[in-house]
1. Sticking with the crude label model, points 7 Å out along Cα→Cβ, report the distance from Arg105 to Arg62 in nm, one decimal please.
2. Subtracting the Cα-Cα distance from 0.36 nm times the residue separation, let me have the gained length for Arg198 to Met70 in nm, one decimal.
3. Would you list, by chain and number, the lysines whose Cα falls below 17 Å from the Cα of Lys43, excluding same-chain residues fewer than 8 positions away?
4. To make sure I understand, if each residue's beta carbon is the centre and we count other beta carbons within 10 Å, what order do Thr197, Thr97 fall in, fewest to most?
5. Can you give the translational diffusion coefficient of the stretch 30-196 in µm²/s, computed by Stokes-Einstein from the Kirkwood radius over Cα pairs at 10 °C and 1.306 mPa s?
6. Are there any trypsin sites (Lys or Arg not before Pro) in the stretch 30-77 that are in a DSSP loop and have at most 12 other Cβ atoms within 10 Å? List them by number.
7. For a paramagnetic label modelled at 7 Å from the Cα of Leu160 toward its Cβ, which residues of the stretch 174-197 fall within the zone defined by backbone nitrogen distances under 11 Å?
8. Evaluate the stretch 26-73: find the radius of gyration of its Cα atoms, find its Kirkwood radius, and give the ratio Rg to Rh.
Amino acid sequence: MVMRRGPAISTVLVLVTITTAPLVSSEPACDPHVKAVVFDGHKLVPGGLGPVRRAVEHELRRLGVQPTWMKDGDLESAGFVLRVVLLPHSARDWGRTEETLGAVRLDGSSASSVYVFYPSVNLALGVPADGTSILGGTPGTLWVRGLARIIVHEMLHVLLPGRAHDASGLFASNLKARELLAAELELDAETHSALLTRLCTVPF
Ligand SMILES: [Zn+2]
């Protein structure tokens, strides 16, 4: 009996190692990427969207995800493209609280959208979009960082539909300026694994 139990236990251990390895590892099983487009139809962002795109790219790359920025006209033949729309009003117009910074609409395969409520973002971040912060940096740097994290948070809702918020980190509900403007804002390890797994499983 002892002789048989030994190999059986080893087999179980080996299986456990194999099944958990992709989940605990931050090494993705593929080369995860998303296609996205940002709309600022009301020209809300001073200086244009270049810095916002770069900041979103920075946050996504930290998660091992490479974004491809699409132009409006490219959308037809591009497959899954995540739209990010900057709105000039608060979420109160949509029956939510003024503190709501972003929301998503899940349309299925081709046109899921992330909406960002620009006046509420300004209120929440408490730093000027076009001013130099007291912490230094180029004008708008901190503000752009905060906006980028709000956008990436909402993108996660689209990429991980139905997933509950984390207790802390980038995918926590009710993010405050302190987290949004911090030098780094981590994503919960399990949510990160789920993201990489999904991006490597579902074609985006
Ligand atoms: Zn959320």
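1. 3.0 nm
2. Here the segment from Arg198 to Met70 would lengthen by 43.9 nm.
3. Lys71
4. Thr97, Thr197
5. 98 µm²/s
6. Lys43, Lys71
7. 187-197
8. Result: Rg/Rh = 1.05.
Computed from the coordinates by the stated procedures, all read-outs in this text should not be read as laboratory data. All figures in this text were calculated on a predicted structure; none of them were measured in a lab. As a convention, Cβ positions derive from the backbone with ideal geometry for all residues, glycine included, and neighbour counts pool all protein chains shown.
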